[in-house]
Amino acid sequence: MKDTQKSAKSATAKKRHEGFTDEERAAMKDRVQEMKAAADKADGESAVLAKIAEMPEPDRAMGKRLHAVVKASAPALAPRLWYGMPAYAKDGKVVCFFQSGQKFKTRYATFGFSDEANLDEGAMWPTAFALTKLTAADEAKIGALVKKAVS
């Protein structure tokens with residue numbers, strides 16, 4: 001009877017969750033480095049521009065344009081890295097961010113907003129947008145959302 005109980009337990013034990021993916025572990029390591037850099041008062045804009053420069057095309061071009069749109073729409077937001085992604089913060093709290101599609105091997109880049117963004121509309125509203133390219137109309141829409149997010 002004990003043998004039956006042991007084999008049932010060992011079969012269950014093999015179904016355990018493996019833990020974090022390589023990409024998630026890399027994002028956590030990036031976050032630790034960012035916290036160390038913040039303690040050293042590193043220049044956030046330089047770090048953001050360097051991270052954008054590392055991105056493959058077309059994400060690099062979108063990242064550059066989004067950086068310009070965010071800075072023009074909400075000059076009070078401070079560029080900084082957040083989990084290895086370019087982000088923009090108000091009073092030290094991230095309001096919006098840009099995630100390259102390569103970050104987690106997705107087919108599109110993402111421009112998103114944190115819970116600090118003032119985008120509430122009723123009981124449901126979008127917090128992130130998939131981007132495969134960036135048009136002038138998209139830039140105008142994102143600029144308006146960023147302005148609203150910091151209002």
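Only one entry in GLU116, GLU121 is over 16 Å from ALA26 (Cβ atoms) and at pLDDT 95 or above, namely GLU116. Checking each residue in segment 86-99 for being touching a residue at least 24 places away in the same chain (Cβ under 8 Å), under 18 Å from ALA130 (Cα atoms) and either out of contact with any Lys or Arg (no Cβ under 8 Å at 6 or more places or on another chain) or surrounded by fewer than 21 Cβ atoms within 10 Å (Cβ to Cβ) (or both) picks out VAL95, CYS96, PHE98.
Selection of segment 68-84 for residues being touching a residue at least 40 places away in the same chain (Cβ under 8 Å) and not polar (S, T, N, Q) yields VAL69, VAL70, ALA72, ALA74, ALA76, LEU77, ARG80, LEU81, TRP82, TYR83, GLY84.
For every residue, the table says whether it meets (1) closer than 20 Å to CYS96 by Cβ; (2) at pLDDT below 90; (3) touching a His at 6+ places or on another chain (Cβ under 8 Å); (4) in a helix (DSSP H, G or I).
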residue: LYS6; (1), (2), (3), (4): no, yes, no, yes
residue: THR12; (1), (2), (3), (4): no, yes, no, yes
residue: ARG16; (1), (2), (3), (4): no, yes, no, no
residue: ALA37; (1), (2), (3), (4): yes, yes, no, yes
residue: PRO56; (1), (2), (3), (4): no, no, no, no
residue: LEU66; (1), (2), (3), (4): yes, no, no, yes
residue: LYS71; (1), (2), (3), (4): yes, no, no, yes
residue: PRO75; (1), (2), (3), (4): yes, no, no, no
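May I ask you to list the residues in segment 111-145 that are surrounded by fewer than 10 Cβ atoms within 10 Å (Cβ to Cβ) and assigned to a helix (DSSP H, G or I)? ALA136, ALA137 - these are the residues of segment 111-145 that are surrounded by fewer than 10 Cβ atoms within 10 Å (Cβ to Cβ) and assigned to a helix (DSSP H, G or I). Beta carbons closer than 8 Å, at least 6 apart along the sequence or on distinct chains, pair a first residue in segment 134-151 that is more than 20 Å from ASP120 (Cα to Cα) with a second that is β-branched (Val, Ile, Thr) and at pLDDT 95 or above for GLU139/VAL69. Please list, ordered by first then second residue, the pairs with beta carbon atoms under 6 Å, 6 or more apart or interchain, first in segment 18-37 and within 18 Å of GLU54 (Cα to Cα), second at pLDDT 85 or above and among the hydroxyl-bearing types (Ser, Thr, Tyr). As it stands, the answer is ALA27/TYR83; ASP30/TYR83; ARG31/TYR83, since those pairs meet every condition given. Considering segment 94-146, and only residues there that are under 15 Å from the mean Cα position of the chain (by Cα) and among the aromatic types (Phe, Trp, Tyr), the residue that is nearest to GLY63 (Cα to Cα) turns out to be PHE98. Exactly one residue out of LYS103, LYS41 is over 17 Å from LEU145 (Cα atoms), surrounded by 15 or more Cβ atoms within 10 Å (Cβ to Cβ), modelled with pLDDT under 95 and charged (D, E, K, R), and it is LYS103.
The values are calculated or read from the model by the stated rules, or taken from the named source; none is laboratory data. Quantities reported herein were computed from a predicted structural model and do not represent experimental measurements. Counting neighbours? That spans all protein chains shown, and the Cβs are built from the backbone with ideal geometry, glycine included.
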